[in-house]
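What follows is a single structure, written as structure tokens, with notes after it.
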Amino acid sequence: MSQPDKKKFLQLIQQHRGIMHKVIFLYMDEAEERQDMLQEILLQAWKSYPSFEERSKFSTWLYRVSLNTVLTAQRKNYRQPDTEPLEAALHLSQQGEDNTEKEWLILTVRQLPDIDRMMISLHLDGYQNEEIAEITGMQKANVALRLHRIRKKLAKKRQNYEGLQ
């Protein structure tokens, strides 16, 4: 890779670093685990960057690299996602602190299956259905349907949570 390409890569990574952190936070529990995954994503992005053809936005490409890296690592480690009931997780998070809407949403999204977690995260980040379809490899119509179902699922969980208070 030429020096200008390296410089451009580093600038793009710096500009879009929040994408990597968000994906890692949604899938990794421990701080050390998150740091290791950040390094792995950076390595995979560096190795893949020469093949980035700029047919999509860099942020879309980096999201896909980040998700693929995290999901591949999870499959290799045979890790199961945390399946603690949402109510228990919320109860623990309320001890000694206020539970904001954002905290509730993060806890709830972390309870979703991997593909749903990925899709709603992209949606909440403002990606359009076409971009989500490109990242996930799904058809645009399927993305719209799944997002609708995920939103309904989240609304139901929110309703149940409010009933507990």
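Sort 113-124, 47-58 for me by packing, meaning the mean count of neighbouring Cβ atoms within 10 Å per residue, highest on top.
113-124, 47-58
Over 23 Å between Cα atoms: which of Lys6/Lys76; Lys76/Lys102; Lys22/Lys57; Lys102/Lys156; Lys7/Lys57 fall into that group?
Where the Cα-Cα span goes over 23 Å, the pairs concerned are Lys6/Lys76; Lys76/Lys102.
Give me log10 I(q)/I(0) at q = 0.19, 0.22, 0.26 Å⁻¹ for the range 33-77, Debye formula, one equal scatterer per alpha-carbon, no solvent.
At q = 0.19, 0.22, 0.26 Å⁻¹ the computed log10 ratios are -0.57, -0.73, -0.94.
Every number here is computed from the coordinates shown, using simple stated rules; none is lab data. No experiment lies behind these values; they were computed from the predicted model shown. Cβ sites come from the backbone with ideal geometry, for glycine too, and all protein chains shown count toward neighbours.
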